[in-house]
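Structure, as structure tokens:
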Amino acid sequence: MRLGRLIEATNAFLFLLPFLLFLAVFVGYGVVRTVYFSLTDYNLFDPPKWVGFQNYVRLFREPDFIRALQHSLAFTLVVTVVQTLFSLLLATVLNQRIRGITFFRTVYYLPSVLSSAAITLIFLWLYQKTGFLNFAVSWVLTYLPLLLTFVGLFVVVQAVQVVFERSRGLPAKPFDLALATASLLLAAAGTFALDLFGVVNPREGVQFKFIWLNTRQEWAGLPIPLWAIVLQNIYTTIPTLMLIYLAGLQDIPKSLYEAASLDGADDWQQFTRITVPMLRPVTFLVITLGLIGTLQVFDQVALISGPGGAPLESTVTLAYYVYNNVFPSGATPKVGLASAAAITLSVLTLVVVLLQRRFGVSERGY
Amino acid sequence: MKKVVVLLFALAGMVLAQTTVRLSGFGGDNVPVVNGLLNEIVNPKLAKDGIKAVYEPVEGDYTKAILNALSAGTAPDLFYVDIFWAESAFASGRVEPLDSYFTKQELSAFLPNLMQAFTYKGKVYGIPKDFNTLALQYNKDLFDEAKVAYPNQADTWESFEAKIKAVQEKLGDVAGFCVVPDFARFGAFAYGTGWRPFDSQGKTVLDANFKRAFEWYTGLAKRGAAKPAQDLGEGWTGGCLGGEKAATALEGAWIGGFLRDKAPNMRFGTTFVPLDPQSKKRGNFTFTVSWSLYTGSKNKSAAVKVLKAITSPEAQQWVLERGLALPSRSALANNPIFQRSGKDAELNRTVFLGSTALGGAVLPYKFAAYGGDWLTIINEALSAVITGQKNVDQALADAQARFDKLTGK
């Protein structure tokens, strides 16, 4: 019996060995070296000089590091909150039984399939002063009078129809689909007619020229280029998290919803009282993955801060700070300082995840 | 069978007798150029010595790749060193001083400005392979259309500004010049005033001369003579000129290839950087790359032979004839290729002469061992004023405070 267990343990170890070797060589050795370098003054060429904790002390006196730290924390907070909410929303929508839902699931997943570099290049173009984003906003602003007229007409027509139906004693909901379709067509025709007779006209000469990247302006305490990266990062990570939620949604027993509807719970109550609590372990996973991913954001920052892009001090995050100190442009590498920053980043990641688990959403369900 | 064995042995013998010298540099366009040089000039010349040079280009970020290789001891025998990060590379102790391999006469055949750029603590660490400086390119058709005289080499900042302002006013949708928040362009004007990036104690002081250049350059757009490149949707002045969004550009010979693709029919002329009206001088940068030798190289003597062959007059003539780069040897200044007429010859000639006394105060594009950290401070000051986020005094005060921290007070 004992021998059997021993053989079993040996077998397990043998199967784990390749991965453990990989872990030891590429992660274990790397971590040990980084910890060592973080306690030395090292420039890649001269032998490392032992300086103790000086690098850590110096780090917290560097304005660039403090800025990177603030950026990373703010970035993590905003992106994690927004992407978790949106991925839950999208997953719920895509969990409906509608014809052709697989098509939409595929399309919505696309941003995560594309490489981060390719997406960043597309966004760089999108964010130009004469780029698509500004163009689209200009278009909306130009046609704002028509759009508002259209929405106004729709609301009025829909209200008239609902009131009329109810006056005949029919149970019409405010958002009745059949009535809404008719209202939509009538509102479109009405707007077109008003435009044709010159009652409502598109505005002229509206040019929205917002600088997204090459600026130091701030909004809500964060530089605008960083907001640009926030938008982009949310866009690229939502689909993966949405997929995890989708898997979680499929696991919730249908009987719960059936019981709830028998008890008279409406859709919103079912969502908040059944879906959200039942998804708690999944939410924990999503938030944790989100925190780790956003604290270590690097590639999108590196690409968007390139030549002609955003100024570095407006976008620098901790991971980029580390990289930029090992390979500063045209200057001597500061490997010791960078290693200290890297260690700080990993400790910070651990602390944030633990705090989240302790005080935020934990993996225990309902 | 026997024959095959003999042949194999003969081949093996050849391989053994042959010394392979590894060269490394940028990828992309550089690969066919260097391979052409090696196959047509260097390798035929060195075949009798049993030396074979092989080019191992680095695609992607060359600087990081070579710094890593130097640190890890896997660097090639010969490699490019860009002037921008030359000082930190030379200070690493992994680049071999070349003084003992070259005679004084051999070294003096290269343009003194360039040799100066690759001299560190009195020793020569690299042989310049080619170089570039800045020159002013202008679109002749736009100046003709606006009925304004072309810029010329007697222009000062003021007369140049008057000309481009007239163009911008008359043509409306075309800017006189497009301003970029980049020291690599603005610095040429700052050097003209007599200002230097570091004083005798190695500190950066933004003095009255610097301020004069800074005020003039950042105010061009406000005074209606130029527009910020960003507003024109461009990242560099060459893009503005090529897209006919601006009438002038301040670039090096690299703009030639770009304009051949982008605007092959544009009639453009080239002249020197405008003069500072006060000092009556102009300034310029040398952008250059050297071939340097790795201290850990196992075949230094063979590598030096390759180095001499690849920077030889024949090799530079080969490159020059194909219009690929400007030669770093002074003797080639009188090459008939420069004297040809035509827009490209004028561009190359002006850029070449930009490194001589005609170019005025010409400094290598390097900033001690500070590199990008130093540049960022000025570039951010330029950007803040050009986009109207700070005024000149405030931007300069902030920049000076950061320089005091970086270079010492």
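With a/c under 1.5 counting as rounded, go ahead and sort region A:58-200 into rounded, prolate or oblate using the C-alpha gyration tensor (a ≥ b ≥ c being the square roots of the eigenvalues; past the cut-off, prolate if a/b is larger than b/c, else oblate).
prolate
Tell me the chymotrypsin sites (Phe, Trp or Tyr not before Pro) within region B:124-198 that lie in a loop according to DSSP and have at most 12 other beta-carbon atoms within 10 Å.
Details: sites: B:Y125, B:F131, B:Y138, B:F143, B:W157, B:F160, B:F177, B:F183, B:F186, B:F189, B:Y191, B:W195, B:F198; in loops: B:Y125, B:W195, B:F198.
Counting only loop positions with at most 12 other Cβ atoms within 10 Å, none of the chymotrypsin sites (Phe, Trp or Tyr not before Pro) in region B:124-198 qualifies.
So which GluC sites (Glu not before Pro) in region A:130-224 are both in a DSSP loop and have at most 15 other Cβ atoms within 10 Å of their Cβ?
Answer in residue order: A:E204.
Taking the C-alpha atoms of region A:217-316, how large are the radius of gyration and the largest Cα-Cα span, Dmax, in Å?
Reported Rg and Dmax, both Å: 19.4, 62.
Taking only Cα atoms, what is the 0 to 90° angle, nearest 10, from helix B:392-407's long axis to the longest principal axis of chain B?
In chain B, helix B:392-407 runs at an angle near 30 degrees to the longest axis.
Just to confirm the filter: which trypsin sites (Lys or Arg not before Pro) across region B:261-358 are DSSP coil and have at most 16 other Cβ within 10 angstrom of their Cβ? Let's see the in-between values first.
Numbers: sites: B:K262, B:R267, B:K280, B:K281, B:R282, B:K298, B:K300, B:K305, B:K308, B:R322, B:R329, B:R340, B:K343, B:R349; in loops: B:R267, B:K280, B:K281, B:R282, B:K298, B:R322, B:R340.
When the trypsin sites (Lys or Arg not before Pro) of region B:261-358 are filtered for loop state and at most 16 Cβ neighbours within 10 Å, B:R267, B:K280, B:K281, B:K298, B:R322, B:R340 remain.
Pull out a ≥ b ≥ c, the square roots of the eigenvalues of the alpha-carbon gyration tensor of the protein assembly as shown, then state rounded if a/c is under 1.5, prolate if not and a/b is larger than b/c, and oblate in the remaining case.
Verdict is oblate for the protein assembly as shown.
Find the eigenvalues of the gyration tensor of the Cα atoms of chain A, then list the square roots of 5 times those eigenvalues as equivalent ellipsoid semi-axes, largest first, in whole angstrom.
Semi-axis lengths for chain A are 49, 34, 16 Å.
For n ≥ 4 DSSP H runs only, could you compute -39500 (n - 2.57) per run for chain A, divide by its residues and tell me the 222 nm figure to the nearest 500?
The per-residue figure over chain A is -22000 deg cm²/dmol.
Amide H neighbours of B:N284 under 5 Å, at least 5 residues apart or on other chains, H built in the peptide plane: list them.
Hits under the 5 Å cutoff: B:A361, B:V362, B:L363.
Mean residue ellipticity at 222 nm from the helices of chain B, using -39,500 (n - 2.57) per DSSP H segment of n ≥ 4 over the full residue count, to the nearest 500 deg cm²/dmol?
-13000 deg cm²/dmol
Where a ≥ b ≥ c are the square roots of the eigenvalues of the C-alpha gyration tensor, would you call region A:144-196 rounded, which needs a/c under 1.5, or, failing that, prolate if a/b is larger than b/c, or oblate?
prolate
Of all beta bridges DSSP finds with both residues in the protein assembly as shown, what is the antiparallel percent, to the nearest 5? Each step should come with its number before you reach the end.
On the way: 27 of 45 bridges.
Rounded to the nearest five, the antiparallel share is 60 percent.
The numbers here are math on the coordinates, done by the rules we state, and not lab data. Since this is a predicted model, take the numbers as computed values, not measurements. In this analysis, Cβ positions are derived from the backbone assuming ideal geometry, glycine residues included, and neighbour counts consider all displayed protein chains.
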